[in-house]
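The structure appears below as structure tokens.
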Amino acid sequence: MARTGAPAARHVGSVERALAVLDALADGRELGTNEVARRARVNASTASRLLATLTARGYVEHVPETGRYRLGVRLLQLGNAVLSRLDLREVARPHLRALAEETGETTTLSAPGEHDAITVDFVQSPASVQSVARLGRPSVGHATATGKVMLAFGGSDPADALTPYTERTVGDRDELEAQLARVRSRGWAEAAGEREADLNAVAAPVFGARGELVAILGVQGPASRFGSKAMRAAVAPLRSRAAAVSEALGWTAETGMEAP
């Protein structure tokens, strides 16, 4: 046969049944043989043999106290091997490009820091008038959308002094805490003229496999074009792209964190 570089079209039935057993256990609960069989849509004797095989290789664990089964540590080892080769910028780059096309504005990827978030990648707006992003530029925790996401989801503390960059910069800690509570509740943040008078932005969290904040995806633009209505319109594609990056990094609903 000629080599096409694509996987073979024919599948191995026994492997598919074994994977169905793993899927049956994917919610993390311990299950008995009959329940695994029902979920995997195989008979009980087949489920029993598959569970025994998977247990012997560490993909499934047998719990002697209950006689039930749960996922094994071998899957964690494989998952960590996949995650270790993922480069955040490589994973996020296609979504940054797509988000810039969807919103018409500059999109940014930032990594959380102690008090501020740092820009690690960006895609410039296709418009002639652009909000210019720079690699390594800090997004001030209390004065930017990206910074507020970091404070709300990353467990970081704001700087001791809430420096006023414009007349709209939040300077009261109680007001800042109220804003951060709102960010956590709705899953995204906004900033309108708070660090630069003519710059508006929205941002959303990117979570890792353990539900931890690993990055922030943002959309920013000049206030004359990226006003309140445009900012609200950008929220849906922003959150969708942030969720896609999170899932690519191993985030699932089972981590216990709300979807981005």
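What the Cβ-Cβ distance of residue 177 and residue 197 gives, at R0 = 35 Å and to the nearest 0.05, is a FRET efficiency of 0.90. Return one number: the angle in degrees, 0 to 90 and rounded to the nearest 10, between the long axis of the Cα atoms of helix 228-248 and the longest principal axis of the Cα atoms of the chain. Helix 228-248 sits at roughly 30 degrees to that axis. The distance between label points at residue 101 and residue 184 comes to 3.7 nm (points 7 Å beyond Cα on the Cα→Cβ vector).
Take every Cα pair under 8 Å whose residues are at least 6 apart in sequence, average their separation, divide by the length of the chain, and the relative contact order is 14 percent. Given 138, 66, 203, which one lies farthest toward the positive end of the charge dipole of the chain, if we put +1 on the Cβ of every Lys and Arg and -1 on the Cβ of every Asp and Glu? Projecting each Cα onto the dipole axis, the largest value belongs to 66.
Using the alpha-carbon atoms, what tilt in degrees (0 to 90, nearest 10) does helix 44-56 show relative to the longest principal axis of the chain? The two axes meet at around 70 degrees.
Most tightly packed first, judged by the mean number of other beta-carbon atoms within 10 Å of their residues, the peptides 150-163, 93-106 read 93-106, 150-163. Only Lys, Arg, Asp and Glu carry charge here, each on its Cβ (+1 for the first two, -1 for the last two); on that basis the chain has a dipole of about 1340 debye about its Cα centre. For residue 15 and residue 167, a Förster radius of 51 Å and the Cβ-Cβ distance give a FRET efficiency of 0.20, rounded to the nearest 0.05. Shape call for the chain from the C-alpha gyration tensor, a ≥ b ≥ c root eigenvalues: rounded (a/c under 1.5), prolate (a/b greater than b/c) or oblate? Since a/c reaches 1.5 and a/b is larger than b/c, the shape of the chain is classed as prolate. Between residue 29 and residue 75, the FRET efficiency from the beta-carbon distance, with R0 = 22 Å, is close to 0.90.
Computed from point charges on the beta carbon alone (+1 for Lys and Arg, -1 for Asp and Glu), the dipole magnitude for segment 13-83 about its Cα centre is near 160 Debye. Sorting the segments 221-229, 235-243, 56-64 by their residues' average number of neighbouring beta-carbon atoms within 10 angstrom, most packed first, yields 235-243, 221-229, 56-64. Summing charges over neighbours of residue 17, with a neighbour being any other residue whose Cβ is under 13 Å away from its Cβ, gives +1 when K and R count +1 and D and E count -1. In the chain, the longest principal axis of the Cα atoms and the axis of helix 73-85 are about 40 degrees apart.
Values in this text are rule-based calculations from the coordinates and carry no lab data. Please read all numbers here as calculations on a predicted model, not as lab measurements. Virtual Cβ from ideal backbone geometry, glycine too; neighbours counted across all protein chains shown.
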